[in-house]
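The values are calculated or read from the model by the stated rules, or taken from the named source; none is laboratory data. Just so it is clear, the structure is predicted and the values come from calculations on it, not from any experiment. For neighbour counting, all protein chains shown are included, and Cβ atoms are generated from backbone atoms with ideal geometry for every residue, glycine included. Only protein heavy atoms, including side chains, enter the accessible area calculation; ligands, DNA and RNA are left aside. Shrake-Rupley method; radii C 1.70, N 1.55, O 1.52, S 1.80 Å.
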Amino acid sequence: MRNTRFDIALLSGAGGAEISGVDVAQELDDGTIAEIRGALNDHCVVFFRDQELDAERHKAFARRFGEIFIHPNYVGMSDDPEILMVRREPGDTTYVGEDWHTDTTMWPEPPLGAILYGIDIPPYGGDTMFANQYLAYDALSAGMKKMLDGLRAVHSDILVAGPQAGKNKGRSTKHRDGPDWRETRTTHPVVRTHPETGRKMLFVNKSYTVGFEGMTEAESRPVLDFLFEHGNRPEFTFRFRWQKGSIAFWDNRSTKHIALGDTGPFRRLLRRVQVCGDRPV
Ligand code: SIN
């Protein structure tokens, strides 16, 4: 399929599109950026292959879509707070992105998206899977949609960061877990309307959503567990096989994702930059 400025090949019926004929390390004109944004809105995740991107060019590309998001749980953990090195070394027992999630949703304005760049890619394994949350919402029954309408969910980073989460042991990419760490907690609508496409999507995830506003944990848990699993049903998902120089740019509003842990005895290293988003409505 040909857009005005590049070729685009769809990855699956659930989403994902590979863009070819664009060198993202170059200064891209506004029209090309607008078409990439359009493809992201249409297909939820866009992929590029064989890119050569240093950290500065990576950030420059991200800035064409918005301000760079500084992740509060990784700030101070590396030289550059605008970058997260997603590293898994042989022998690591846990790693970044090991559960289905949407990034950083404890934040009042969660990131619009993330741009992940492949540096050291294992010869097999370590794919990233994505799940389309428009499809997840559309597939709910009318009764469930009615029940969720107007409901707000509580999102917190208590399960994934800080000393109580215990996630740094066995993991090469460390987050803040010192005594000065404080929980960030906010509420978002369970069904969110995409600010650009105007479509409704499910907006809860296992890593950050801890309950419904105004309900107890016990009351929330069964429905949340249903929604978490429902959101990852195989027919809503698509899968990306990494190569060195690949980029995945996901819409963090309309998708969940998970990094697969089947990297065997091999290292996996990617560089991530997040783009600021807006308050979910
Ligand atoms: C992440 O969850 O941001 C990382 C995804 C991946 O490593 O594939």
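Among residues of segment 123-141 that are at positive phi, those with a beta-carbon under 6 Å from a residue that is within 16 Å of the ligand (Cβ to nearest atom) and of a type in the set (Val, Ile, Thr) at least six positions away or on a different chain give the pairs GLY125/THR263; GLY126/THR263.
Among residues of segment 86-103 that are at positive phi, those with a Cβ under 8 angstrom from a residue that is part of a strand (DSSP E or B) and within 9 Å of the ligand (Cβ to nearest atom), sequence gap 6+ or separate chain, pair up as GLY97/VAL86; GLY97/THR128; GLY97/HIS257; GLY97/ILE258; GLY97/ALA259. Mind counting the residues in segment 180-208 that are farther than 17 Å from ASP149 by Cα and of a type in the set (Val, Ile, Thr)? Residues flagged as farther than 17 Å from ASP149 by Cα and of a type in the set (Val, Ile, Thr) within segment 180-208 amount to 3.
Figure legend. Inter-residue proximity from segment 197-213: first residues modelled with pLDDT of 95 or more, second residues open to solvent by 20 Å² or more (accessible area, probe 1.4 Å) and part of a loop (DSSP other than H, G, I, E, B), beta-carbon distance below 6 Å, spacing 6+ or different chains. Indicated pairs: LYS206/ASP99; LYS206/TRP100; SER207/ASP99; SER207/VAL160; PHE212/LEU151. Taking the conditions (1) loosely packed, with under 14 Cβ neighbours inside 10 Å; (2) under 21 Å from GLY66 (Cα atoms) in turn, ARG272 satisfies each one other than (1). On inspection, LYS244 does not qualify as in contact with a helix residue (DSSP H, G or I) (Cβ under 6 Å, 6 or more places away or on another chain) and either open to solvent by less than 70 Å² (accessible area, probe 1.4 Å) or at pLDDT 95 or above (or both).
Of all the listed residues (SER207, SER254, SER246), the sole one being under 30 Å from SER78 (Cα atoms) and touching a Lys or Arg at 6+ places or on another chain (Cβ under 7 Å) is SER246.
I need the full set of residues from segment 244-256 which are out of contact with any Phe, Trp or Tyr (no Cβ under 9 Å at 6 or more places or on another chain) and either assigned to a strand (DSSP E or B) or more than 13 Å from the ligand (Cβ to nearest atom) (or both), in order please.
The answer is LYS244, ASP251.
For segment 174-205, filtering for residues that are outside any strand (DSSP E or B) and surrounded by fewer than 20 Cβ atoms within 10 Å (Cβ to Cβ) leaves 16. The residue of segment 153-173 that is farthest from ARG268 (Cα to Cα), among those that are crowded, with 17+ Cβ neighbours inside 10 Å and of a type in the set (Lys, Arg), is LYS167.
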